[in-house]
Amino acid sequence: GCFWHVQHELVEAERKLLGRSDGQITARAGYAGGNGGKGTGDPCYHNLRGQNDYGKLGHAEVVNLKVPTSRYGDVAREYFKLLGPDGSRPDQFGDRGLEYRNLIGVPGGKESPLVKQLMEATLKEGDKVDFAKGKGSDADVKAMVWVMDTTAHPFFRAENYHQFHDGFARGENYPDAYNDLNDVLKIKDTSCPAF
């Protein structure tokens, strides 16, 4: 789903669970899960030029995170805590469709040994979702998480103006220390056009 709130929550998980300082944060907002646009450059947010529009390429808004295998289940639990009792994200309001579907990318996809930890994590958080093998450009299905093979469906980092952004919900303004992580981490911007 929409990457802004998710990125904030995963940054907090990196700090709390993994003991990372601001300079060690790996959570990045981006795009993944599409079949279109391979070999045409990085997917971009909607723009007036229509250049590599992530939605038209079948990608969803996602957050990439580097997690030690030994802590994967703990971080997965933080993700599942974001879901309401019906498997939807309460902070998303009307965000529905291909661009907002739930997907998790791991090397090997549904065949990855990490999937067992995903299953255990969702059970500990109330078993709110089902899992399916992502094939790319998959539909937005309520209470479904598409498990993508990151080799076939890699992550593409979003433009800097999407990184460490305030949340979408009213009053979901994060501290300046969070919003300023772009500067702290010195993230080079993508080649995507501004709107």
Contour minus Cα-Cα span, residue 69 to residue 12, at 0.36 nm per residue, comes to 18.7 nm
Using alpha-carbon pairs under 8 Å, 6+ residues apart, how would you state the relative contact order of the chain in percent? 29 percent
Please enumerate, by chain and number, the lysines with C-alpha under 21 Å from the C-alpha of residue 16, excluding those fewer than 8 residues away in the same chain. 66, 81, 124
Working from the pairwise distances between different alpha carbons, so that the mean of 1/r is found and then inverted, what is the chain's Kirkwood radius in Å? 16.9 Å
Charge dipole of the range 12-133 built from unit charges on the beta carbon (Lys, Arg +1; Asp, Glu -1), centred at mean Cα; most positive-end Cα among 121, 63, 36 is 36
Under a GNM of the chain (C-alpha, springs under 10 Å), which listed residue has the highest mean-square fluctuation: 48, 123, 114? 48
Arrange the peptides 40-46, 183-189, 26-32 so that the one whose residues have, on average, the most other Cβ atoms within 10 Å appears first. 26-32, 40-46, 183-189
Given a 1.4 angstrom probe, what's the average accessible area per residue across the range 52-143, in square angstrom? 48 Å²
Which residues qualify? For residue 148, with a placed amide H closer than 5 Å and at least 5 residues away or on another chain, they are 104, 105, 106, 134
Among 66, 133, 81: highest mean-square fluctuation, GNM of the chain, C-alpha pairs under 10 Å: 66
Determine the percent antiparallel among the DSSP beta bridges restricted to the chain, to the nearest 5. 40 percent
Which chymotrypsin sites (Phe, Trp or Tyr not before Pro) does the range 58-144 hold that lie in a coil by DSSP with at most 15 other beta carbons within 10 Å? 93
In the chain, which cysteines lack any other cysteine Cβ under 4.7 Å from their own? 2
Using only helices, what value at 222 nm comes out for the chain when you add -39,500 (n - 2.57) per DSSP H run of length 4 or more and divide by the total residues, to the nearest 500 deg cm²/dmol? -6500 deg cm²/dmol
Calculate what fraction, in whole %, of the accessible area of the range 51-98 sits on carbon and sulfur atoms when a 1.4 Å probe is rolled over the protein chains. 53 percent
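The values are calculated or read from the model by the stated rules, or taken from the named source; none is laboratory data. What you see is a predicted model, and the numbers here were worked out from it, not measured in a lab. Positions of Cβ are backbone-derived with ideal geometry, glycine not excepted, and every protein chain shown enters the neighbour counts. SASA here: full protein model, heavy atoms, side chains in, ligands and nucleic acids out. Shrake-Rupley method; radii C 1.70, N 1.55, O 1.52, S 1.80 Å.
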